[in-house]
Amino acid sequence: MPKSSHFNGQPLYGQVIKLLDKSKILQFSREYGEERYTKRFNCWIHLVVMLYAVIMRFDSLREITASLLAETRKLS
């Protein structure tokens, strides 16, 4: 019996992100002064992008930005 090609379930990336507590991560970041110079790109967004890059096995910043621009509708 062949495997079903229909996607069933939640992607790995979504599962990993759900395990993380956004408020706790932002709290730690503010506690240690890591948010003092940020305006829009806080530590949570940075963590999410870096996890995406690792899971997708990107090697360069150009690959990350191209992929994020291509997937903008799915990520928002």
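Where a number appears in this text, it was derived from the coordinates with a stated rule and is not lab data. Owing to the predicted nature of the structure, the values given are computational and were not obtained by experimental measurement. Cβ coordinates were reconstructed from backbone atoms using ideal geometry, including for glycine residues, and neighbour counts include every protein chain displayed.
Filter the stretch 31-59 down to the residues that are among the charged types (D, E, K, R) and over 16 Å from P11 (Cα atoms) and list them by number. The answer is E31, E34, E35, R36, K39, R40, D59.
Of all residues in the stretch 51-74, those satisfying the criterion of being exposed (fewer than 12 other Cβ atoms within 10 Å of the Cβ), in a helix (DSSP H, G or I) and not basic (K, R) are V54, L61, L69, A70, T72.
Yes or no, residue by residue, for (1) more than 20 Å from K74 (Cβ to Cβ); (2) under 13 Å from the mean Cα position of the chain (by Cα):
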{"position": "E34", "(1), (2)": "yes, no"}
{"position": "Y37", "(1), (2)": "yes, no"}
{"position": "N42", "(1), (2)": "yes, yes"}
{"position": "M56", "(1), (2)": "no, yes"}
{"position": "S60", "(1), (2)": "yes, no"}
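Taking the stretch 26-50 as the range and being surrounded by 11 or more Cβ atoms within 10 Å (Cβ to Cβ) and either small (G, A, S) or under 22 Å from E71 (Cβ atoms) (or both) as the test, the residues that pass are S29, N42, C43, W44, I45, H46, L47, V48, V49, M50.
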